[in-house]
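**Student:** Please find one structure pasted underneath; my questions will follow.
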Amino acid sequence: MAESSKLYENVQKQFDRAADVMGLDEGIRTILSTPSNEIIVHFPVKMDNGKIELLKGYRVQHNNALGPYKGGLRFHPKLDINAARALATWMTWKSALAGLPYGGGKGGIKIDPKKYSMAELERITRRFTYALGDNIGPDLDIPAPDVNTNSQIMAWIADTYVQTKSPANRHNNLHVVTGKPVGSGGLEGRDRATGFGVVSTIKSWAELKGVDLKGKKYIVQGFGNVGYWASHFLALQGAVLVAVQDMSGTIYNENGIDPEALNDHSAGRKGQISGFDGAESIDSSTFFALDCDILIPAALGNQITVDNADSIKATLVAEAANGPTVVEAEAILLKKGINIIPDILCNAGGVTGSYYEWLQNKRSENWKIEDVLVLLEDKMNVAFDKTLKMAEKYDTDWRTASYIVALERLQTTYMERGLFP
Ligand code: NAD
């Protein structure tokens, strides 16, 4: 089965399980089982050598019962319609669980961004934004950064979108995307919001289980935005980063890897960790079986599978990535007594930070990072507590419980409003 089909199958199985456990209304189950809109665009871009390439972009809008569609854009060669569907669906559950006034969307462009110059990436991003046209908008669908996209890409999207509006309305449209640079309407702290939220949930777990994070060993897959910031904040708790894996390889140091030194190193190497002299390079296939207390997958989906789940030694898997654990592997982890902080809870700090940026733009304000992090931690704690309570109520695992929190909110909305016409 294609990786993206597996991803979509995964999210649907998780949804079905939660819907069964809570007894979700049949009609609402039908509505939520399929994305509302699926947009595919083909758009031409002139490359530096003068040749024209026709590129493919996606935006899947899963559900907007609670508010505008919200979710990231990724630039990745394996992005396709099923991956976009799966990721958009997860966004609906995540926004609902986090108590945000948003639905779920996701998309991006099927490219390997490493193959393009900065000037080409700018033209690709702008032309994609133009092709999406009014399918996105500050009160309709609000993209954000995801894999291989960053604040620069968001600034180009915002600029392109506002340039296509009347000058009178330009400044009311900046919040068409979040994750912008601070100088372009971005929120101080949005860069670290996802990693900060990941570590908030790990702190809540540690408190619940009576675990002292000081000296605990953790390993991280993916050292991009989320992997780095999660490593940074967990190190501040006194935990020790012992291994990191990314596209370029896997590194290990039982005495600890300094996340800041590794980040400085990778910044000069297009984000790649290989060649770091503060750790030894090891065989990538051994990563998941490494001795550690906490495993943080912060790269792509479908990483923890039936082939490696049994070898995992961590007592906690904190799912910073979207969809890192396939359903069959989750059963193995749970049987081994490993705790899992599910993705829709663990990485909800990203969309929550985006929400604050959106509010900041709507109100024409500039928020302070100290205030942002306090608000963020509070929202993460509320979502964590709701999940725990739901797990107790239904005597179920944390992922199913987090889904039920989200689905109850959506069910209430549909029940109260009824269905048009
Ligand atoms: P990023 O592009 O900044 O970093 C991705 C990292 O994953 C890189 O270090 C890359 O080398 C690594 N990677 C890619 N393929 C890999 C592979 N096959 N094996 C090992 N490593 C691999 O992306 P990001 O924004 O940090 O996103 C990481 C994950 O977090 C994604 O699943 C994303 O959907 C999720 N997420 C991101 C945000 C956000 O705010 N950026 C919010 C919520 C969830």
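Just so you know, all these numbers are worked out from the coordinates, no wet-lab data involved. Computed from a prediction, not measured in an experiment: that's the story for all the values here. Virtual Cβ from ideal backbone geometry, glycine too; neighbours counted across all protein chains shown.
**Student:** Would you list 42, 265, 175 from fewest to most Cβ contacts within 10 Å? Can you show the working numbers first?
**Tutor:** Values: 42 9, 265 18, 175 21.
Placing the least packed residue first, the sequence is 42, 265, 175.
**Student:** Another one. Among 238, 224, 210, whose mean-square fluctuation peaks in a Gaussian network model of the chain (Cα, cutoff 10 Å)?
**Tutor:** Comparing 238, 224, 210 in the GNM, the peak value goes to 210.
**Student:** Given H placed 1.01 Å from N in the peptide plane, which residues other than close sequence neighbours of residue 104 have an amide H under 5 Å from its amide H?
**Tutor:** Here 62, 63, 70, 92 satisfy the definition.
**Student:** List the residues whose amide H sits under 5 Å from the amide H of residue 298, counting only those 5 or more places along or on another chain, with H placed 1.01 Å from N in the peptide plane.
**Tutor:** 221, 222, 321
**Student:** If I model region 130-172 as equal point scatterers sitting on the Cα atoms and use the Debye formula, what is log10 I(q)/I(0) at q = 0.17, 0.30 Å⁻¹?
**Tutor:** Normalising to I(0) and taking log10 leaves -0.48, -1.23.
**Student:** Still on this structure, please answer the following. Of the residues 383, 119, 243, which exhibits the maximal mean-square fluctuation in a Gaussian network model of the chain defined by a 10 Å Cα contact cut-off?
**Tutor:** Looking only at 383, 119, 243, the largest GNM fluctuation is found for 119.
**Student:** With 5 Å bins from zero, work out the P(r) of region 301-421 over every alpha carbon pair and list the percent per bin.
**Tutor:** Using 5 Å bins, I get a P(r) of 2, 10, 15, 17, 16, 15, 11, 7, 4, 2, 0 for region 301-421.
**Student:** Quick one: of the DSSP bridges fully inside the chain, what percent are antiparallel, nearest 5?
**Tutor:** 50 percent
**Student:** Further, regarding this structure: For the residues 315, 89, 250, what sequence is obtained by ranking on other C-beta atoms within 10 Å, fewest first? Walk me through the numbers before you get to the answer.
**Tutor:** Details: 315 17, 89 29, 250 22.
Fewest-to-most ranking of 315, 89, 250: 315, 250, 89.
**Student:** While we're on this one: Cβ under 14 Å from residue 335's Cβ, residue 335 left aside: what net charge do those residues give with Lys, Arg +1 and Asp, Glu -1?
**Tutor:** My count for the surroundings of residue 335 gives -3.
**Student:** Sticking with this structure for a sec: How big is D, in µm² s⁻¹, for region 210-300 by Stokes-Einstein at 20 °C and 1.002 mPa s if Rh is the Kirkwood radius over C-alpha pairs?
**Tutor:** Details: Rh = 12.7 Å.
Approximately 168 µm²/s, per Stokes-Einstein.
**Student:** Now for a different question. If the convex hull of the alpha-carbon atoms of region 1-52 is projected onto planes in all directions, what is the mean projected area in square nanometres? Mind showing how you got there, number by number?
**Tutor:** Details: hull surface 23.9 nm².
Average of the hull's projected areas for region 1-52 equals 6.0 nm².
**Student:** At what distance in angstrom do the alpha carbon centres of region 53-83 and region 167-203 lie from each other?
**Tutor:** 19 Å
**Student:** When the Debye formula is applied to the Cα atoms of region 375-421, each taken as the same point scatterer, what base-10 log of I(q)/I(0) results at q = 0.16, 0.19, 0.26, 0.27 Å⁻¹?
**Tutor:** Once normalised to I(0) and log-transformed, intensities are -0.52, -0.65, -0.88, -0.90.
**Student:** Right, here's the next one. Evaluate region 250-295: find the radius of gyration of its Cα atoms, find its Kirkwood radius, and give the ratio Rg to Rh.
**Tutor:** Values: Rg = 11.0 Å, Rh = 11.4 Å.
We get a ratio of 0.97 for region 250-295.
**Student:** For region 131-227, rounded, prolate or oblate, judged on the Cα gyration tensor with a ≥ b ≥ c (square roots of eigenvalues), a/c < 1.5 rounded, else prolate if a/b > b/c? Display every interim value, and only then the final one.
**Tutor:** On the way: a/c = 3.27, a/b = 2.80, b/c = 1.17.
Prolate, because a/c is 1.5 or more and a/b exceeds b/c.
**Student:** I've got another one for you. Can you tell me the relative contact order of the chain? Whole percent, Cα pairs under 8 Å, sequence separation 6 or more.
**Tutor:** So the answer I get is 17 percent.
**Student:** How large is the translational diffusion coefficient of the chain in µm² per second when you combine the Kirkwood radius over alpha carbon pairs with Stokes-Einstein at 4 °C and 1.567 mPa s?
**Tutor:** Values: Rh = 21.6 Å.
Approximately 60 µm²/s, per Stokes-Einstein.
**Student:** Separate question: Evaluate region 98-171: find the radius of gyration of its Cα atoms, find its Kirkwood radius, and give the ratio Rg to Rh. Don't skip to the answer; put the middle values down first.
**Tutor:** Numbers: Rg = 13.2 Å, Rh = 13.5 Å.
So for region 98-171, dividing Rg by the Kirkwood Rh gives 0.98.
**Student:** By per-residue mean of other Cβ atoms within 10 Å, what is the highest-first order of 147-157, 96-106, 404-414, 359-369? Spell out each step's value before the answer.
**Tutor:** On the way: 147-157: 21.9, 96-106: 25.0, 404-414: 20.1, 359-369: 13.6.
Peptide ranking by packing, descending: 96-106, 147-157, 404-414, 359-369.
**Student:** Would you mind telling me which residue in 51, 270, 214 has the biggest mean-square fluctuation in a Gaussian network model of the chain, where springs connect alpha carbons within a distance under 10 angstrom?
**Tutor:** Between 51, 270, 214, it is 51 that shows the largest mean-square fluctuation.
**Student:** With no solvent and one equal point scatterer placed on each C-alpha of region 22-176, evaluate the Debye formula and give log10 I(q)/I(0) for q = 0.11, 0.13 Å⁻¹, two decimals.
**Tutor:** Rounded to two decimals, the profile gives -0.43, -0.59.
**Student:** Could you sort the peptides 80-88, 388-396 by per-residue average Cβ neighbour count (10 Å cutoff), highest mean leading?
**Tutor:** Details: 80-88: 24.9, 388-396: 14.3.
Order by mean packing, descending: 80-88, 388-396.
**Student:** Oh, and also: Which whole-Hz ³J(HN,Hα) couplings does region 11-18 yield from phi under the Karplus relation 6.51 cos²θ - 1.76 cosθ + 1.60, θ = phi - 60°, glycine and proline marked x?
**Tutor:** 5, 6, 5, 5, 4, 4, 5, 5
**Student:** Still on this structure, please answer the following. Would you list 43, 287 from fewest to most Cβ contacts within 10 Å? Walk me through the numbers on the way to the answer.
**Tutor:** Working: 43 18, 287 22.
Least crowded to most crowded, the residues run 43, 287.
**Student:** Across region 128-144, in residue order, what do the Karplus-derived ³J(HN,Hα) couplings come to in whole Hz, using 6.51 cos²θ - 1.76 cosθ + 1.60 with θ = phi - 60° and x for Gly and Pro?
**Tutor:** With coefficients 6.51, -1.76 and 1.60, one gets 4, 4, 5, 5, 5, x, 8, 6, 10, x, x, 10, 10, 7, 10, x, 7 Hz.
**Student:** May I pose another question? When all alpha-carbon pairs of region 193-346 are counted, what percent fall beyond 19 Å? Numbers along the way, then the final one.
**Tutor:** Numbers: 5469 of 11781 pairs.
When every Cα pair of region 193-346 is considered, 46 percent fall beyond 19 Å.
**Student:** Let me ask you something else. Counting just the Cα atoms, what span does region 1-93 cover along each of its three principal axes? Round to the nearest Å and put the largest first.
**Tutor:** Its Cα atoms span 58, 32, 17 Å along the three principal axes.
**Student:** Can you give the charge dipole size of region 22-176 about its Cα centre, rounded to the nearest 20 debye, using +1 on the beta carbon of Lys and Arg and -1 on the beta carbon of Asp and Glu? Could the numbers behind the result be given before it?
**Tutor:** Details: 19 positive and 14 negative charges, 75 e Å.
Roughly 360 debye for region 22-176.
**Student:** Further question: Plugging the Kirkwood radius over Cα pairs into Stokes-Einstein for region 173-236, at a temperature of 4 °C and a viscosity of 1.567 mPa s, what D comes out in µm²/s? Display every interim value, and only then the final one.
**Tutor:** Numbers: Rh = 13.3 Å.
The calculation lands on 98 µm²/s.
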